[in-house]
Amino acid sequence: MKPDLFESPDYYNIDDLLTEEQKLVRSAARDWVKRDISPIIEEAAQEAKFPKQIIEGLAGIGAFGPYIPEAYGGAGLDQISYGLIMQEIERGDSGVRSTASVQSSLVMYPIFKFGNEEQRNKYLPKLASGEFMGCFGLTEPDHGSNPGGMVTHFKDKGDHYLLNGAKMWISNSPFADIAVVWAKSEEGRIHGLIVERGMEGFSTPETHNKWSLRASATGELIFDNVKVPKENILPNKSGLGAPLMCLDSARFGIAWGVIGAAMDCYDTALRYSKERHQFGKPIGSFQLQQKKLAEMITEITKAQLLAWRLGTLRNEGRATSAQISMAKRNNVDMALKIARDARQILGGMGISGEYSIMRHMMNLESVVTYEGTHDIHLLITGMDVTGLNAFK
């Protein structure tokens, strides 16, 4: 097993912009990834199995709801700290970061923001500790980029709601204890409901044969006349804006996370370029390899500054959904291009599981699609700058 020699690039001294607490949070996450993720992740990806033993460690570094107040079991950290945790985890693997992102931004966040005090106290501490794991049900077989067209629905049956429908491409669903599910009422209004494992008619079949996010558990959510107690509806916000707020938080985490994947590919390629000799000298001494490496560190640096500024705006409550879309789209695209160039520097070894690059590349092919596709985020920016809606 190869040692994890990762060194984080910081070409513009961006660490100077971070607080001591933020750097400590990052260090704790980085040390954990080196100790508990790097030694096992290649085997987990090869076997297409989510390593459940890491859940306790994720909770230990504050990866579950890092910005949730301590009163509910969270770490009470700021948004940049959240981003840095996601960056370090995705440096290890995008699938592991997905597990943490879903738990934090798509399960704990809506319960905290849109739930009542009873729901917060019932679920959040157990989610923060990893005792409960959650998933988020929005995407449907026929409604991905247009979630407002969902057909999953519930009816008021007096003392409970009756839920029917299906969701797909749901991270964490095969082992989740609860699901925050978005469905339409009889009036056509979208609401969030907390569905618990064990409720009759609720099943979570796993999705197999993935070439991406292989170390992450993905599945469906099936609702066949599921009786959901009325106290399980999230009371403080309804409409499509509610799940989109959750997606804003998740997309923010992605914008940071993929920087970690890009850093890992760059660091691997840089080290290899100094060690691999051809024509009597290191391949890093050739102009075309230096071109690739110089462009990589330039794009990583730009993405770091974009994420840091976005985190500052999030901390101030001023970041817009469109700004988050821009960062998600730009940074994922950046990471994909760096993974591909890094693979070329390693030549044939780039496709080997001895190195992380091909795994990152396959993972990023999912990340560029989920939480809003590359093209959808482009149109969000276009609508924001023109004021004209290209979706309809």
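Descriptive notes on the structure:
- Prolate is the label for the stretch 1-51. Its Cα gyration tensor axes, ordered a ≥ b ≥ c, give a/c of at least 1.5 and a/b above b/c.
- Between Arg276 and Tyr12, full extension at 0.36 nm per residue minus the direct alpha carbon distance yields a gain of 92.3 nm.
- For the stretch 270-392, size of Cβ-based charge dipole, Lys and Arg +1, Asp and Glu -1, in debye: 320 debye
- In terms of its C-alpha gyration tensor, the stretch 312-392 comes out prolate, because a/c is 1.5 or above and the ratio a/b outweighs b/c.
- In order along the stretch 190-202, the phi-based Karplus estimate (6.51 cos²θ - 1.76 cosθ + 1.60, θ = phi - 60°) of 3J(HN,Hα) comes to 7, 10, x, 10, 9, 9, 9, 4, x, 5, 4, x, 9 Hz; Gly and Pro are listed as x.
- Relative to its residue count, the stretch 36-181 spans a Cα convex hull of 129 Å³ per residue.
- Taking one quarter of the surface of the convex hull spanned by the alpha-carbon atoms of the stretch 277-323 gives a direction-averaged projected area of 4.3 nm².
- Glu371, Glu47, Glu200, reordered so the largest accessible area comes first (probe 1.4 Å): Glu200, Glu47, Glu371
- Two-decimal log10 I(q)/I(0) for the stretch 14-101, as the Debye equation yields it once each C-alpha is a single scatterer, q = 0.10, 0.11, 0.13, 0.14 Å⁻¹: -0.24, -0.29, -0.41, -0.47
- Total charge dipole magnitude, the stretch 1-97, about the Cα centre, Cβ charges on Lys, Arg, Asp, Glu only, Debye to nearest 20: 280 debye
- 1.4 Å probe accessible area per residue over the stretch 294-386, in Å²: 43 Å²
- Distance distribution P(r), the chain, all Cα-Cα pairs, bin width 10 angstrom from 0: 5, 24, 33, 24, 10, 3, 1, 0 percent.
- For the stretch 199-258, average projected area of the Cα convex hull in nm²: 6.3 nm²
- Separation of the Ser145 and Asp159 label points, Cα + 7 Å toward Cβ, nm: 4.7 nm
- Placing dummy labels 7 Å off each Cα toward the beta-carbon, the span from Leu288 to Ala390 is 3.4 nm.
- Toward the positive end of the charge dipole of the chain, with +1 on the Cβ of Lys and Arg and -1 on the Cβ of Asp and Glu, the farthest Cα among Ser356, Ala242, Gly92 is that of Ser356.
- As a rough guide to protection, the peptides 376-389, 124-137, 86-99 ranked by mean Cβ packing within 10 Å, highest first, stand as 86-99, 124-137, 376-389.
- Accessible surface of the chain [probe 1.4 Å, protein heavy atoms]: carbon and sulfur percent: 51 percent
- Cβ-Cβ FRET estimate between Thr373 and Glu118, R0 fixed at 30 Å, reported to 0.05: 0.20
- Rounded to the nearest 20 debye, the dipole size of the chain about its Cα centre is 700 debye, using +1 on the Cβ of Lys and Arg and -1 on the Cβ of Asp and Glu.
- Whole-number percent relative contact order across the chain, with pairs defined as alpha carbons under 8 Å at least 6 apart: 18 percent
The values are calculated or read from the model by the stated rules, or taken from the named source; none is laboratory data. Treat the numbers as computed from the prediction; the structure is a model and nothing was measured. Using ideal geometry, Cβ is built from the backbone for each residue, glycine included, and neighbour counts are taken over all protein chains shown. Please note that ligands, DNA and RNA were not included when accessible areas were found on the heavy atoms of the full protein model with its side chains. Shrake-Rupley method; radii C 1.70, N 1.55, O 1.52, S 1.80 Å.
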